[in-house]
Amino acid sequence: MKKAWPWLVGLIGAISYFAYFETMAFIHPDQYDTLSHVVSTLGAKWPLAIFLMGFFAGGLSVHFFWPWAANPLGKGGG
């Protein structure tokens, strides 16, 4: 495996960031918002934001699972 550690460190950092702020939102709901609340508030003020987040998630899904030849998750194409 080629240098995967930067991606693993980033993934652990993102999960830690999410876990910390979600925990703070549940412990101190008057000071912090959960991610769900932020997304719904943003979507209420700017509905295109929800579409763009879905577009991004769909793009990642296609990137990871499309059956192109070199993709082990996409079963290598055919």
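The values are calculated or read from the model by the stated rules, or taken from the named source; none is laboratory data. Quick caveat: nothing in here was measured; it's all calculated off a predicted structure. All Cβ positions, even for glycine, are placed from backbone atoms using ideal geometry, and neighbour counts span all protein chains on display. Side chains included, ligands, DNA and RNA excluded: accessible areas come from the protein's heavy atoms. Shrake-Rupley method; radii C 1.70, N 1.55, O 1.52, S 1.80 Å.
Decide, for the chain, between rounded, prolate and oblate: order the square roots of the alpha carbon gyration tensor eigenvalues as a ≥ b ≥ c, take rounded if a/c falls under 1.5, and otherwise choose prolate if a/b is larger than b/c, else oblate. The shape class here is oblate. The slack in the chain from LEU8 to LYS45, taken as 0.36 nm per residue of separation less the alpha-carbon distance, amounts to 9.9 nm. As a fraction of the 1.4 Å probe accessible area of the chain, surface on carbon and sulfur atoms comes out at 75 percent.
Rounded to the nearest Hz, the phi-derived 3J(HN,Hα) couplings of region 16-25 under the Karplus curve 6.51 cos²θ - 1.76 cosθ + 1.60 (θ = phi - 60°) are 5, 4, 4, 4, 4, 6, 5, 4, 4, 5, where x marks glycine and proline. Across GLY43, GLY13, GLY54, mean-square fluctuation computed from a Gaussian network of the chain (C-alpha pairs under 10 Å connected) peaks at GLY13. Computing FRET efficiency as 1/(1 + (r/R0)^6) for TYR20 and VAL62, where r is the C-beta to C-beta distance and R0 is 35 Å, gives about 0.70.
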